[in-house]
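Novice: Here you go, one structure.
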Amino acid sequence: MTSRNVLNMLARYLRPHRGTLLLGLIALTFSSASLFAVGLGLSRLTDLVTRERTAVAGLTFDEMALVAFGVLACYALGLFLRDFLMRIVGQKVSFQLRSEVYRNLLTLDPAFYDVNSHSELQARLVADTQEMERLVGQFVPNTIHYTLLFLASGAYAIYLNPDLALIIAACVPVVLAPGAFVTGRLARFAGLRQGSMAKAGSYAAEVLRNLKLIQSYGQGPASGDRYGEMLRQGYDLAARTVRLETALTAMTSFMAYAVLTLIIWYGGRDVLGGAMAPGDLVGFIFYANLTTMAVAGIITQWASLRAAAGAAGRLLELRDEPSKLVRE
C-alpha cells in the first residue's frame with residue numbers, strides 16, 4: 001500500500017474527530033507562538049542590560065522577566081493541551097482500526113491462517129497499532145510544530161539580519177542532505193525489524209503451546225537454537241537501524257551547532273562594529289537556533305513518520321484482506 005493510500009485512509013479515520021483535531025491544532029499553534037515570543041523577550045532583556053536603559057516598551061527589567069515567565073507558562077499549557085488532545089485522537093483511531101482489523105480476521109478462510117500464523121497476527125495487532133497511536137498522537141503534531149517554528153523563525157531572522165539569514169539558508173540544504181539519504185533506509189529497516197520480531201514471537205508462542213510434544217521428541221535444544229537465530233536476525237536489523245539513527249543525529253547536531261557557531265562569530269563582528277545591536281544578535285541567535293532545531297526535528301520526525309506509515313499500511317492491508325468463505 002502506497003503512502004498516499006495510507007494517508008487517504010487515515011483521513012477517513014480522522015474525519016469524525018475534526019473538533020478535537022481543531023482544538024489540538026489551536027493548542028499547537030498557541031504553544032509554537034509562545035515559544036517564538038520567548039526570543040523577543042530575550043532580545044529586549046539584553047537591550048535593557050547592555051544599553052543601560054530603565055525600561056523597554058514601558059516595562060522594567062523585573063517586569064520583563066515576569067512577562068518571560070508568563071510566556072513560558074503559556075507555552076507549557078499549550079504543549080499540555082496539544083499532546084493531550086492529539087494523543088486522545090490517536091488512541092481513538094487506533095481502537096477503531098484494531099477493532100475493524102480483528103472483525104475482518106474473524107471472517108477470513110482457513111487457507112489464510114495456513115500462510116499467516118495466529119501469533120504473528122496477534123503481534124501485528126499489538127505492535128502496529130501502537131505505531132498508529134504514535135503516528136497520529138506524536139509524529140504528525142511534532143512535524144507541524146517544527147514546521148511552524150522553522151517558517152516563523154526563519155522569516156524573523158531574515159527581518160533581523162538578511163546577511164546572517166543567507167548563511168542559514170545556504171547551510172539548510174547541507175543539514176537536510178543526510179536526512180534525505182537516510183530516512184528511506186530507516187523506514188525499510190523498521191519494517192523488516194517489525195516483521196522479524198513478529199515472526200520470532202509467533203514461533204515462540206507456537207512452541208510453548210506444543211511444548212509437551214516438542215519435549216517428547218527431544219527437540220527443545222533445536223527449537224531454542226532456531227529461536228535464537230531468529231532473534232539474532234532481528235538484532236542485526238535493529239543494530240543497523242540504531243547505527244543509521246545515531247549517525248543521522250550526530251551529523252545533524254554537528255552541522256546545526258557549526259552553523260550556530262558561524263552565526264555567533266559573524267554577528268559578533270557586526271556588534272563590535274556597531275552595525276547590529278546586542279539584543280538583536282541575541283534574538284537572532286535564538287531564532288537561528290530554533291530554525292536549525294526545527295530542521296533537525298523535521299528530519300527525525302519524517303523518518304519516524306515513514307516507519308509508522310508502514311505499520312499503518314500493514315494494518316490497513318489486514319483490514320481489507322478479502323475473505324474466500326462462501327456465505328449462505
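The values are calculated or read from the model by the stated rules, or taken from the named source; none is laboratory data. Since this is a predicted model, take the numbers as computed values, not measurements. Positions of Cβ are generated from backbone atoms using ideal geometry, with glycine treated the same way; all protein chains shown enter the neighbour counts.
Novice: Check whether at least one residue in the stretch 41-59 is within 24 Å of the chain's Cα centre (by Cα), among the aliphatic types (A, V, I, L, M) and under 19 Å from Ile285 (Cβ atoms), and report yes or no. Explain how you work it out, then say what you get.
Specialist: Our first condition is that a residue be within 24 Å of the chain's Cα centre (by Cα); within the stretch 41-59, this holds for none.
There is no residue in the stretch 41-59 that is within 24 Å of the chain's Cα centre (by Cα), among the aliphatic types (A, V, I, L, M) and under 19 Å from Ile285 (Cβ atoms).
Novice: If you scan the stretch 237-261, which residues turn out to be under 12 Å from Val295 (Cβ atoms), of a type in the set (S, T, N, Q) and surrounded by 15 or more Cβ atoms within 10 Å (Cβ to Cβ)?
Specialist: Within the stretch 237-261, Thr252 is the sole residue that qualifies.
Novice: Please determine, by comparing only the residues of the stretch 187-235 that are farther than 30 Å from Trp302 by Cβ and among the aromatic types (Phe, Trp, Tyr), which one is surrounded by the most Cβ atoms within 10 Å (Cβ to Cβ).
Specialist: Residue satisfying both the conditions and the ranking: Tyr203.
Novice: Restricting the search to the stretch 167-189, which residues are small (Gly, Ala, Ser) and at pLDDT 70 or above? Steps first, please.
Specialist: Here is the first cut: in the stretch 167-189, the ones small (Gly, Ala, Ser) are 169-170, 177, 179-180, 184, 187.
Once the filter is applied, which keeps residues that are small (Gly, Ala, Ser) and at pLDDT 70 or above, the stretch 167-189 yields Ala169, Ala170, Ala177.
Novice: Identify the residue in the stretch 84-121 that is of a type in the set (Val, Ile, Thr) and part of a helix (DSSP H, G or I) and, among all such residues, is nearest to Ala204 (Cα to Cα). Before you say what the answer is, go through the steps one by one.
Specialist: In the first step, residues of the stretch 84-121 are kept if they are of a type in the set (Val, Ile, Thr); the result is 88-89, 93, 101, 107, 115.
Going one step further and asking which of them are part of a helix (DSSP H, G or I), we end up with 88-89, 93, 101, 115.
Details: Ile88: 33, Val89: 34, Val93: 30, Val101: 23, Val115: 17 Å.
Looking at residues that are of a type in the set (Val, Ile, Thr) and part of a helix (DSSP H, G or I), I get Val115.
Novice: Let me ask another. Which helices (runs of 4 or more DSSP H) sit wholly inside the stretch 125-243 and have at least 1 residues that are within 30 Å of Phe284 (Cα to Cα) and more than 22 Å from the chain's Cα centre (by Cα)? Talk me through it step by step, then tell me what you get.
Specialist: Values: elements: 140-160, 162-209, 211-216.
Correct list: 140-160, 162-209.
Novice: Somewhere in the stretch 275-286, is a residue farther than 23 Å from Val174 by Cα, at pLDDT below 80, charged (D, E, K, R) and in a helix (DSSP H, G or I)?
Specialist: no
Novice: Please verify whether the stretch 212-224 includes one or more residues that are more than 30 Å from Asp47 (Cα to Cα) and touching a residue at least 40 places away in the same chain (Cβ under 8 Å).
Specialist: Among the residues of the stretch 212-224, not one is more than 30 Å from Asp47 (Cα to Cα) and touching a residue at least 40 places away in the same chain (Cβ under 8 Å), which makes the answer no.
Novice: Right, here's the next one. Restricting the search to the stretch 109-124, which residues are under 34 Å from the mean Cα position of the chain (by Cα) and among the small types (Gly, Ala, Ser)?
Specialist: Ser117, Ser119, Ala123, listed by residue number.
Novice: Additional query: Checking the structure you have, find out if any residue of the stretch 293-302 is outside any loop (DSSP other than H, G, I, E, B), of a type in the set (A, V, I, L, M) and over 28 Å from Val140 (Cα atoms). Walk me through how you get there before you give the answer.
Specialist: Step one: of the stretch 293-302, the residues outside any loop (DSSP other than H, G, I, E, B) are 293-302.
Then keep just the ones that are of a type in the set (A, V, I, L, M); that gives 293-296, 298-299.
After this cut, where a residue has to be over 28 Å from Val140 (Cα atoms) as well, the list is none.
Checking the stretch 293-302: not a single residue is outside any loop (DSSP other than H, G, I, E, B), of a type in the set (A, V, I, L, M) and over 28 Å from Val140 (Cα atoms).
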